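Worksheet: one structure, shown below.
The values are calculated or read from the model by the stated rules, or taken from the named source; none is laboratory data. Being a predicted model, the structure only gives us computed values, none of them experimental. Backbone-built Cβ (ideal geometry, glycine too); neighbour counts: all protein chains shown. Ligands, DNA and RNA are stripped out before the accessible areas are found, and what is left, the full protein with its side chains, is counted by its heavy atoms. Shrake-Rupley method; radii C 1.70, N 1.55, O 1.52, S 1.80 Å.
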Amino acid sequence: QVQLVESGGGLVQAGGSLRLSCAASGRTFSSATMGWFRQAPGKEREFVAVISWSGDRAYYADSRKGRFTISRDNTKKTVYLQMNSLKPEDTAVYYCAARVGGIPTDYRAYDYWGQGTQVTVSS
């Protein structure tokens, strides 16, 4: 079992930065693949970034490459999403998710979810 709590969302102007955090509890965090996803109103949940359990592999949605960075600290049981050069189209609720095994980018492959944190980017 993994419990996840996101934080760090808020209102930011276009071009600004935010760092999201996802604090986990449970024994399996250090062996879990961690992903960030987002969902805008009326849209399907979409992939943002994913990181392997060891942190040695990370993948990003094409539109986020170069602007977003995912990282993790297994000693703190926390995964981060650094978001730079934010755009109004990045406005969404951001969720972290966990699963054991593989590095999928499909949100339906994840077993554990946080409650989400709102990110709003003004133009």
**Prompt:** Which residues, counting only those in segment 88-100, are out of contact with any helix residue (DSSP H, G or I) (no Cβ under 9 Å at 6 or more places or on another chain) and either among the aromatic types (F, W, Y) or within 15 Å of Y59 (Cα to Cα) (or both)?
**Reply:** Y94, C96
**Prompt:** Out of all the residues in segment 29-75, which are under 26 Å from E89 (Cβ atoms), over 11 Å from the mean Cα position of the chain (by Cα) and among the aliphatic types (A, V, I, L, M)?
**Reply:** A40, A58, A61
**Asked** For T33, which of the numbered conditions (1) farther than 19 Å from T117 by Cβ; (2) out of contact with any Gly (no Cβ under 8 Å at 6 or more places or on another chain) fails to hold?
**Response** (2)
**Item:** Residue under evaluation A98, criteria (1) in contact (Cβ under 8 Å) with a residue 60 or more places away in the chain; (2) of a type in the set (A, V, I, L, M, F, W, C); (3) open to solvent by 60 Å² or more (accessible area, probe 1.4 Å), criterion not met
**Value:** (3)
**Scan of segment 34-76 for residues that are over 19 Å from S7 (Cα atoms), of a type outside the set (D, E, K, R) and surrounded by 14 or more Cβ atoms within 10 Å (Cβ to Cβ), ordered by number** = S52, W53, G55, A58, Y59, Y60, A61
**Prompt:** Taking the stated definitions as given, is S25 surrounded by fewer than 20 Cβ atoms within 10 Å (Cβ to Cβ) and on the phi < 0 side of the Ramachandran plot?
**Reply:** yes
**Fill in**
With criteria (1) surrounded by 15 or more Cβ atoms within 10 Å (Cβ to Cβ); (2) in contact (Cβ under 8 Å) with a residue 40 or more places away in the chain, L11 comes up short on (1)
**Prompt:** From the list S52, S63, which residue is at negative phi, at pLDDT below 95 and of a type in the set (S, T, N, Q)?
**Reply:** S63
**Item:** Subset of segment 101-123 that is in a loop (DSSP other than H, G, I, E, B) and among the hydroxyl-bearing types (S, T, Y) - its residue that is least open to solvent (accessible area, probe 1.4 Å)
**Value:** Y110
**Prompt:** Which residue out of T69, T75, T33 is free of Cβ contacts under 8 Å to residues at least 12 places away in the same chain and either assigned to a loop (DSSP other than H, G, I, E, B) or out of contact with any Leu (no Cβ under 7 Å at 6 or more places or on another chain) (or both)?
**Reply:** T75
**Request:** Run V100 past the list (1) out of contact with any Asp or Glu (no Cβ under 7 Å at 6 or more places or on another chain); (2) at pLDDT 95 or above and report the number of the one that doesn't hold.
**Result:** (2)
**Message:** Please go through segment 77-95 and give me each residue that is open to solvent by 20 Å² or more (accessible area, probe 1.4 Å) and farther than 10 Å from G35 by Cβ, ordered by number.
**Reply:** K77, Y80, Q82, N84, S85, K87, P88, E89, T91, V93
